[in-house]
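Data first, discussion second: the structure below is written as structure tokens.
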Amino acid sequence: MLLSPESEAIVKATAGVVAENAEAITARFYPHMFEANPELLKVFNKANQAIGEQPKALAASVVAYAVHLIDPNAPDFGPIMQRIAHKHVSLGIKATDYTIVGRHLMWAVGDVLGGAVTPEVAAAWDEVYWLFGAQLIAEEAKLYALGGTDPDQPWRKYKVVDRDDETEGVFSLELAPVEGDLPTHHVGQYVAIAVDLPGGERQPRQYTISGVPGGKSFRLTIKRAKGTDGVPDGQVSNWLGDNAQVGTILDVSQPSGDVILDQSDEPLVLVSAGIGITPMAAILEDLVQHQPKRTVRIYHADRNHGTQALYQRMLGQSMQLKDSVGEFWYEEGADLAPTRRPAHEGYMDLSDVEIPDGCRVFMCGSLEFMANARRQLLARGVPADRIDYEVFGPDLWARQPQ
């Protein structure tokens, strides 16, 4: 899609000013929108709003899209568009929501930039927004259709049919549809769970499907989020930890996510930290079933061995693969870790590990962890387009080299 010539000229002239003020604009936008449309508080993650991640992500996305429209040498925006569409579908975003967002976003642009926003400038940036929105609406409509989901009824009832407490603070739930068959999914995808909290709040959160396709239930492995530095404990993860027992009924979205395992013969490098191990567990289980000869290197960081979820399960899976090696980094107690190979103490260091030629890398963990791991991989000669990552919540990290 292309901007009109008139709007393109205006956007080129004003893109720098908008980029400089993008976070201030989105910080004003969200409270204004929620005050007028409180029902949307049930769609957006309150924790991400509280710590400012959601405004930063929206600001970065809109500015990146505008640059994509006006600069022929700008990085491909397609991967970011795909990622946003999958996130939106998992949260039940509807086409009509874009009208509300657009109205309040343009109000915020005018509120922050004041007299600099002439009618012509407002019209040009409104055009940018609606080009962005129209592409997302079309992509999300396709994803809903492929998933057999009515966008007006995005949540489906599932029952907890089994629960396993993995480690302190980490538990796995087996969820089966109350009615009908389990939808298909790809290894690496996630679903969202929406829960009604005390006080009338409703909040969604996204969790990796840590099992493989083809069964009668989804397995989700969830960590109780503990707040630090003034951030409160995770509302949904702790509610699930306290209340999701066998027989509990939950609202679950269709499977989503664009970082999925392919069936090629390329070597795999799995890089994870903490609860980011969940998609790696699904990948290993799938390899055992379908590609046991595929080369895989597993690199994981955790607080200590006792906090590492799914260790025994993944150990059993890796032993069934012809060419798999795992290395672990623990911030404390590495010498006491009963792992097959000596564990390293401290933070993950990929500078001297084996990186097979022609590999594809999957990463999952905190943004800081993945950015550091990615820099090390790039320094080792892994091309940027061979590194895929998954992050739950706002994506503040572009896919370009850093």
Could you list all residues from the stretch 129-173 that are among the small types (Gly, Ala, Ser) and over 30 Å from Val109 (Cβ atoms)? Ala145, Gly147, Gly148, Gly169, Ser172
Matching residues in the stretch 144-187 - criterion: being charged (D, E, K, R) and in contact with a helix residue (DSSP H, G or I) (Cβ under 8 Å, 6 or more places away or on another chain): Asp150, Glu168
Of all residues in the stretch 253-312 being closer than 21 Å to Met370 by Cα and of a type in the set (Lys, Arg), the one that is modelled with the lowest pLDDT: Arg303
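Take the residues in the stretch 243-259 that are among the aliphatic types (A, V, I, L, M) and surrounded by fewer than 17 Cβ atoms within 10 Å (Cβ to Cβ), then tell me which one is nearest to Tyr299 (Cα to Cα). Walk me through how you get there before you give the answer.
Quick first cut of the stretch 243-259, residues among the aliphatic types (A, V, I, L, M) only: 244, 246, 249-250, 252, 259.
Among the residues that remain, those that are also surrounded by fewer than 17 Cβ atoms within 10 Å (Cβ to Cβ) are: 246, 249.
Details: Val246: 33, Ile249: 36 Å.
Step by step, filter the stretch 243-259, then rank; the result is Val246.
Here's the yes/no breakdown for (1) farther than 24 Å from Ala384 by Cα; (2) of a type in the set (Val, Ile, Thr); (3) buried (at least 23 other Cβ atoms within 10 Å of the Cβ):
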site: Leu270; (1), (2), (3): no, no, yes
site: Thr307; (1), (2), (3): yes, yes, no
site: Leu321; (1), (2), (3): yes, no, no
site: Ser324; (1), (2), (3): no, no, no
site: Glu345; (1), (2), (3): yes, no, no
site: Ser366; (1), (2), (3): no, no, no
Residues satisfying the stated conditions in the stretch 339-386, i.e. polar (S, T, N, Q) and over 12 Å from Val271 (Cα atoms): Thr339, Ser351
Counting only residues that are more than 20 Å from the chain's Cα centre (by Cα) and among the small types (Gly, Ala, Ser), which one in the stretch 26-59 is modelled with the lowest pLDDT? Ala27
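Given the condition farther than 30 Å from Ala225 by Cα and either touching a Ser or Thr at 6+ places or on another chain (Cβ under 6 Å) or at pLDDT 90 or above (or both), answer yes or no: does some residue in the stretch 79-92 qualify?
Filtering the stretch 79-92 for residues farther than 30 Å from Ala225 by Cα gives none.
Checked against the condition, which is being farther than 30 Å from Ala225 by Cα and either touching a Ser or Thr at 6+ places or on another chain (Cβ under 6 Å) or at pLDDT 90 or above (or both), the stretch 79-92 yields no hits at all.
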Residues to consider are Val271, Val246; find the one that is touching a residue at least 24 places away in the same chain (Cβ under 8 Å) and within 20 Å of the chain's Cα centre (by Cα). Val271
Among the residues of the stretch 97-124, write down those that are of a type in the set (Val, Ile, Thr) and surrounded by fewer than 16 Cβ atoms within 10 Å (Cβ to Cβ). Thr99, Ile100, Thr118
Condition first: in a loop (DSSP other than H, G, I, E, B) and of a type in the set (Val, Ile, Thr). Can you find one or more residues in the stretch 200-220 that meet it? yes
Evaluation of Leu240 against (1) among the aliphatic types (A, V, I, L, M); (2) assigned to a helix (DSSP H, G or I); (3) crowded, with 23+ Cβ neighbours inside 10 Å; (4) outside the structural domain of Glu174 (by TED's automatic domain parsing) (one fails), failing number: (4)
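The values are calculated or read from the model by the stated rules, or taken from the named source; none is laboratory data. Keep in mind that what you see is a predicted model, and the values were worked out from it rather than measured. Using ideal geometry, Cβ is built from the backbone for each residue, glycine included, and neighbour counts are taken over all protein chains shown.
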